[in-house]
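Worksheet: the structure to be examined is printed underneath.
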Amino acid sequence: MSKNYFDLTGKVILVTGGSRGLGREMVRAFAENGADLIIVSRKLDACEEAAAEVRALGRKALAYSAHVAKWDQIDKLIEVAYAEFGRIDVLVNNAGMSPRLASHEVTEALFDSVVGLNFKGPFRLASQVAKRMYDGAGGAIINVSSSGGIMPLPQVIPYGAAKAALNAMTFSLAAEYGPKVRANVLSAGPFLTDIAKAWDPEKREKADNALGRPGNPEEVITSALFLASPLSSYVNAALVKVDGGLPCQ
């Protein structure tokens with residue numbers, strides 16, 4: 001009988017932005033490999049749909065509504081998660097937003113919103129969970145970043161800057177809470193999630209990467225499973241590019 005190297009049986013995994021897009025793909029894959037899930041987004045009904053899918057696979061699931069840029073809501077989320085499951089083994093900071101707008105048109109409110117969701121919130125959630133992991137049996141943190149954090153992209157500068165900060169934060173967390181906590185970046189490129197419906201038709205067919213195309217959502221699965229599972233036990237403070245071969249500059 002072949003061994004499942006991605007076995008997550010008994011693990012508790014929290015995924016923000018877990019009700020749609022890449023987050024939903026990760027949630028499904030984690031459950032299929034034995035994990036119990038805490039699924040977080042602002043839309044509770046969408047979280048409940050994802051949770052029902054997890055339960056249908058025989059795993060436990062908690063659907064939770066929170067604005068993960070707000071520290072008070074993050075702190076409440078952590079308390080509820082630990083009360084329900086007793087621990088978090090893997091944290092996936094996946095929630096994010098990237099409105100495209102000329103930089104001189106960005107308002108302070110939009111800037112704060114983008115940086116809050118892509119960096120401020122993930123910092124709070126990761127730092128607080130990392131401390132609990134460190135004081136317990138350890139764990140893994142996966143921060144879902146973007147090609148915008150490592151290469152220059154116009155009209156999404158606050159987003160790219162926030163993702164660059166997220167990358168730096170990840171490496172520092174790995175140093176601060178290692179060896180019991182691993183923290184890595186999953187740097188995603190263009191994927192054909194629901195947001196791609198607003199793209200120009202050509203962008204849905206072609207991309208300026210080595211593969212010449214955007215990714216299908218399910219193509220994020222093995223990278224997420226790898227970083228979440230014991231298979232990556234010697235991988236820490238790494239940036240894993242899942243972007244079809246985009247250049248870094």
Considering only helices (runs of 4 or more DSSP H) fully contained in segment 130-249, which possess at least 2 residues that are among the charged types (D, E, K, R) and over 30 Å from Asn4 (Cβ atoms)?
157-177, 201-205
Taking Ser98, is it farther than 23 Å from Val12 by Cα, buried (at least 17 other Cβ atoms within 10 Å of the Cβ) and hydroxyl-bearing (Ser, Thr, Tyr)?
yes
So Ala188, is it at pLDDT 90 or above, closer than 28 Å to Tyr234 by Cβ and in contact with a strand residue (DSSP E or B) (Cβ under 7 Å, 6 or more places away or on another chain):
yes
Any hit, segment 199-218, residues being on the phi > 0 side of the Ramachandran plot and touching a Ser or Thr at 6+ places or on another chain (Cβ under 9 Å)
no
Looking at (1) more than 18 Å from Ala29 (Cα to Cα); (2) hydrophobic (A, V, I, L, M, F, W, C); (3) at pLDDT below 95, can you tell me which one Ala164 breaks?
(3)
Segment 1-56, subset touching a Lys or Arg at 6+ places or on another chain (Cβ under 8 Å) and surrounded by fewer than 21 Cβ atoms within 10 Å (Cβ to Cβ), residue farthest from Gly96 (Cα to Cα)
Gly34
When you look at Ala228, is it exposed (fewer than 13 other Cβ atoms within 10 Å of the Cβ) and of a type outside the set (Val, Ile, Thr), yes or no?
no
Hits in segment 223-249 (condition: touching a residue at least 40 places away in the same chain (Cβ under 8 Å) and within 21 Å of Gly21 (Cβ to Cβ))
Ala224, Leu225, Phe226, Leu227, Ala228, Leu239, Val240, Lys241, Val242, Asp243, Gly244, Leu246
Checking Asp194 against (1) touching a residue at least 60 places away in the same chain (Cβ under 8 Å); (2) among the charged types (D, E, K, R); (3) surrounded by 13 or more Cβ atoms within 10 Å (Cβ to Cβ), which single condition isn't satisfied?
(3)
Taking the criterion of being among the aromatic types (Phe, Trp, Tyr), surrounded by 13 or more Cβ atoms within 10 Å (Cβ to Cβ), closer than 19 Å to Glu25 by Cβ and in contact with a helix residue (DSSP H, G or I) (Cβ under 7 Å, 6 or more places away or on another chain), would at least one residue in segment 177-189 satisfy it?
no
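The values are calculated or read from the model by the stated rules, or taken from the named source; none is laboratory data. This is a predicted model, so every value here is computed, not measured. Don't worry about glycine lacking a Cβ; one is built from the backbone with ideal geometry, like all the others, and counts go over all protein chains shown.
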